[in-house]
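Have a look at the structure below, then the notes.
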């Protein structure tokens, strides 16, 4: 078990380090595209998902209205429920950990609920005068999600079905890399082909 946890930890560090490096690259930060990595090992399935925030929110700048703040909250709520994101086929798995983060300007709202009704207009006008429109054109925002499933039968799943395309039309494809004790592979998920097979 400790070996398995160590493997997952090393895998996560490598993957997340790559995400941080990629988030500064204009070439890899592709709107409409996301990345998913799946690691399968002895009764556990770990999934990492990263995507430009625009694919889920429709923007990447700091939220400047209550409706944009609500969009961030709603998207995080959807992604925090694994059944909205994916389903594992061919193995009896249940979720044991979920973590969803909004990285970059989109995770730093410029308004709060108490400002919405009375002060929003004045604050927005002030921001436009002194800071432009509050949108950082050279800074990207990413959404990162991690899911850890525990599987009672210790079998490599047959496949994973991804359910995000119908919920988030801005997401047009997901590049998937997967690794298990018996092999590894890669593929592209699309709205009409949203399942990755491991066997």
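Quick note: the coordinates plus some simple rules give every number you see, no bench work behind them. Bear in mind that the values here come from a model prediction, so they are computed numbers and not experimental data. Note that we place each Cβ from the backbone using ideal geometry, even for glycine, and neighbour counts take in every protein chain shown.
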The rounded separation in angstrom of the Cα centers of region 82-112 and region 157-199 is 16 Å
Can you give me the distance in nm between label points at residue 190 and residue 81, each placed 7 Å from the Cα along the Cα-to-Cβ direction?
2.9 nm
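Rounded to the nearest 0.05, what FRET efficiency do residue 163 and residue 65 give with R0 = 30 Å and r taken as the Cβ-Cβ distance? Could you check?
Numbers: r = 28 Å, r/R0 = 0.95.
Working from the Cβ atoms, E equals 0.60.
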